[in-house]
Amino acid sequence: MKHPFMVYAMVFSGTFLVTVLLVPIFRWCARRLDIVDRPSAKRKIHKEPIPYLGGVPFYICFLGTVLFIELFYPQFSQDSFYPMAFVGTIIVLMGLYDDVSDMSSLKKLILELALGVVLFFWGFKTMEMAHPLGGTWHVGWLAIVVTPLWIAGIINAVNFSDGMDGLAGGLVFICALSIFIISLKSNQIVSCILMVYLMGTTAGFLVYNFHPASVFMGDAGALFLGFILGTSTLIEQQKGVAVIALAAPMVVMAIPFLDTALSFYRRMLRAREGKFFMPDRDHLHHRLLDLGLTQRQVVLSMYYVSAFMGLMAFIVSGVPGTYAFLALVLAAMAILFGVVVLRFIEGLANHHD
Amino acid sequence: MWLVIAVLFAGFNAVYWPVRAHQIQNAPDNFMSHASYLYAHGAQTQAIKRLKEGIARFHPVCPEPYQVLAEWHFKETKENLPWCMAAGYFYQALRGEGKTRSSLLTRAAEMESTELPKAIIKPEIKQPVSLLAGNLGLVWGVGETLLTLPVERQLAILSLSGGNSIDFHGRIGRTGVKSPVNILVQSGGGRAGRYCTHLLVRGREYAGNRRGFYAILIDPQSGQVTQMGMFDVWQSEEEAARMENFLKDAPTGMIGAFAVADEASVNLTSGLENALSTFGLEPRTFINSQPALFGLHYSFAALGVKGAAEDTAVQAWSPDEFDGCEGHAVTCGTLRLAEDGT
């Protein structure tokens with residue numbers, strides 16, 4: 001199968017340019033409407049109020065990309081694009097509501113899971129799951145659980161990583177780049193187009209969001225990016241049948257997932273005090289910052305680890321089943337080792353204090 | 001700001017839906033509604049052509065396309081299309097249950113058998129035909145109904161299952177080669193799983209019930225099976241590469257018979273597709289608007305000749321599902337029906 005590299009180039013450059021043009025407009029709107037992030041809470045790192053709404057262009061670029069494909073390259077069109085646009089609109093509205101007047105994490109989670117169920121019945125009714133060691137599993141109706149959990153998981157992973165200048169945008173860019181390369185190799189044209197869109201729009205956003213940031217994507221942007229990343233990894237096609245292929249995206253997204261898992265663990269510990277849905281300042285980027293790294297160093301080190309995981313995902317997708325399993329084990333061990341080292345350094349720092 | 005999002009989404013809908021409706025209308029797998037549109041607007045010949053193309057490309061496993069084609073054809077020419085009517089009954093039977101299914105299958109067999117050449121069927125053909133028909137009967141939940149039918153009608157059902165891909169004069173598709181022996185190939189991909197896969201040469205079985213792609217090579221002079229292989233193309237690309245080498249090493253002129261058991265598309269590499277094309281096989285179906293040999297959970301059986309021109313082999317396939325209807329096991333083959341071999 002021949003890849004339409006011209007389409008990829010057009011989608012990338014188009015989304016990049018549109019984002020670069022639109023972000024300042026929405027930044028201006030956010031200032032006018034006073035939709036800004038004030039550095040009041042302890043977990044906030046920035047010192048000055050920074051406008052939100054930088055993520056709205058992601059949504060506009062997505063709608064534009066879908067229309068571009070429909071109008072000029074209908075052979076790459078998918079039935080699932082419209083459900084993505086529709087549910088994505090609700091996600092953006094939910095994010096905007098959260099940016100303007102804080103929405104509780106519980107309500108957000110319930111809504112995300114409900115939207116995942118809606119998506120399952122509307123275009124994402126995938127009952128086959130790619131086996132990490134080769135072939136597929138027929139998971140049947142278990143997919144109704146897997147699909148919403150996967151989508152909500154990625155949405156939250158991206159949202160949690162949005163705590164530092166350029167972090168969420170950069171991580172999504174690296175994840176999209178890794179999945180793009182994997183999809184390129186396995187002839188997944190639609191997946192490639194969606195990843196190129198994500199790369200273009202996040203690259204355009206990073207122009208304004210890399211440290212020192214002049215605009216934040218806000219929950220509207222973070223939730224939407226997570227949503228698109230989650231759903232686009234679900235529409236991989238194998239010989240005409242959609243297959244849930246989670247192994248490679250799970251490795252690519254290992255850092256945000258790890259952060260989410262650790263956050264979940266901390267929340268479980270304080271659940272007895274009724275603080276499960278209370279945000280904290282213990283995310284990986286916060287802890288690295290507390291060790292004395294600068295914002296730029298933290299973000300770049302997270303990029304570096306994420307790129308390494310992307311490479312691991314590429315290996316997982318390209319080697320025979322047994323080796324893929326070994327690569328997955330290796331990736332898990334590398335992550336575990338990283339966590340142990342982080343705890344050890346934190347222990348040393350506390351001891352010095 | 002919410003208003004801005006609402007306006008953007010409304011604008012998106014205003015452009016998206018008219019374009020999408022046009023795309024859907026012209027999508028290859030939407031041939032039924034496109035043909036109906038053409039027919040309703042007075043383009044009857046074009047509508048029939050579109051319907052025939054769609055049936056040939058997608059082998060739909062629901063009765064409507066066949067019933068509509070039979071009806072339109074009759075209206076246009078005042079002549080019946082027996083195979084089409086038989087296919088209509090056949091798929092109606094697969095959709096039905098119990099006695100309805102049995103009686104419709106019997107009716108389909110009766111109609112299709114009028115299309116078969118009138119010849120004395122050799123005894124050696126009866127046993128393999130009964131074996132395959134009996135299998136289908138079990139898979140389709142009609143018990144031994146098919147075994148109670150005369151052998152010509154059992155043959156008719158087998159022929160219908162593969163979309164008329166059994167030759168009764170010993171020919172192997174359009175390769176120009178005649179087989180010295182009777183060959184029947186049945187694929188139990190998709191819903192039939194792996195328990196309906198057979199490669200019968202002179203009535204002798206060469207397939208098993210393991211998952212993957214079965215292939216045998218038959219000498220075109222002696223009719224002897226010279227090589228056989230089973231490749232779990234579901235499992236890994238290495239298996240696909242092994243099958244590719246198996247096919248590449250086959251001498252020119254060898255007859256190749258292929259059957260999918262359970263699933264063999266997950267690691268169907270382009271290298272393997274190319275190797276199969278050297279036997280005259282060609283991507284004849286469409287998946288996501290792209291030509292394909294077969295897809296996930298498809299049943300697929302084929303008969304070709306090494307070195308034959310592309311698109312000359314016999315191919316039978318059934319999709320996993322079409323328009324909500326489940327796929328089925330398929331049979332193809334070549335038989336020398338009469339005693340004199342005509």
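Each reported figure results from applying straightforward, stated rules to the coordinates on display, with no laboratory input. Model, not experiment: these values are computed from the prediction. Reconstructed Cβ throughout: ideal geometry from the backbone, glycine too, with neighbour counts over all protein chains shown.
A compact table of results
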| read-out | value |
| --- | --- |
| Calculated FRET efficiency for the pair A:Thr294/A:Asp34, C-beta based, R₀ 22 Å, to 0.05 | 0.15 |
| Amide H contacts under 5 Å for A:Val36, placed H, 5+ residues apart | A:Tyr52 |
| Helix axis angle, B:44-58 relative to chain B longest principal axis, alpha carbon, degrees | 60 |
| Euclidean distance of C-alpha centroids, region A:38-110 and region A:255-317, integer Å | 22 |
| Using a Förster distance of 35 Å, the FRET efficiency for B:Val139-B:Ser270 (Cβ separation, nearest 0.05) | 0.65 |
| Neighbourhood net charge (13 Å Cβ-Cβ; Lys/Arg +1, Asp/Glu -1) for B:Asp249 | +2 |
| Backbone HN-Hα couplings from phi across region B:87-98 [Karplus 6.51/-1.76/1.60, Hz, Gly and Pro as x] | 5, x, 5, 4, 6, 5, 5, 5, 7, x, 9, x |
| Phi to ³J(HN,Hα) by Karplus 6.51 cos²θ - 1.76 cosθ + 1.60 over region B:149-160, Hz, x for Gly, Pro | 7, x, 4, 4, 6, 4, 4, 4, 5, 4, 4, 4 |
| Cross-link pairs B:Lys52/B:Lys306; B:Lys248/B:Lys306; B:Lys52/B:Lys75; B:Lys52/B:Lys78; A:Lys47/A:Lys107; B:Lys122/B:Lys178 - those with Cα-Cα distance over 20 Å | B:Lys52/B:Lys306; A:Lys47/A:Lys107 |
| Region A:175-208-region B:121-196 distance, computed between alpha-carbon centres (Å) | 48 |
| Region B:91-183 - charge dipole about Cα centre, Lys and Arg +1 at Cβ, Asp and Glu -1, debye rounded to 20 | 140 |
| For region A:173-188, Karplus couplings with θ = phi - 60° (6.51, -1.76, 1.60), whole Hz, Gly/Pro x | 4, 5, 4, 5, 4, 5, 5, 4, 5, 5, 5, 4, 5, 9, 6, 9 |
| Most fluctuating residue given options B:Lys78, B:Lys52, B:Lys99, as computed from a GNM of chain B linking Cα atoms under 10 Å | B:Lys78 |
| Relative exposure of A:Phe227, B:Phe286, judged by other C-beta atoms within 10 Å (fewest first) | B:Phe286, A:Phe227 |
| Helix-only mean residue ellipticity at 222 nm for chain A, each DSSP H run of n ≥ 4 adding -39500 (n - 2.57), per residue, nearest 500 | -23500 deg cm²/dmol |
| Other-chain or far-sequence residues with amide H under 5 Å of A:Lys125's (modelled H) | none |
| Stretchable slack from B:Asn209 to B:Val4, in nm (0.36 nm times residue separation minus alpha-carbon distance) | 67.8 nm |
| Residue exposure sequence - B:Ser299, B:Ser102, A:Ser301 - by fewest surrounding Cβ within 10 Å | A:Ser301, B:Ser102, B:Ser299 |
| Gaussian network model of chain B, Cα within-10 Å springs - most flexible of B:Phe279, B:Phe231, B:Phe322 | B:Phe322 |
| Ranking of A:Met199, B:Met32 by count of other Cβ atoms within 10 Å, fewest first | B:Met32, A:Met199 |
| Distant-in-sequence amide H partners of A:Trp137 (H built 1.01 Å from N, under 5 Å) | A:Met129, A:Ala130, A:His131 |
| Efficiency of FRET between A:Ser104 and B:Ser103 - r from beta-carbon atoms, R0 56 angstrom, step 0.05 | 0.35 |
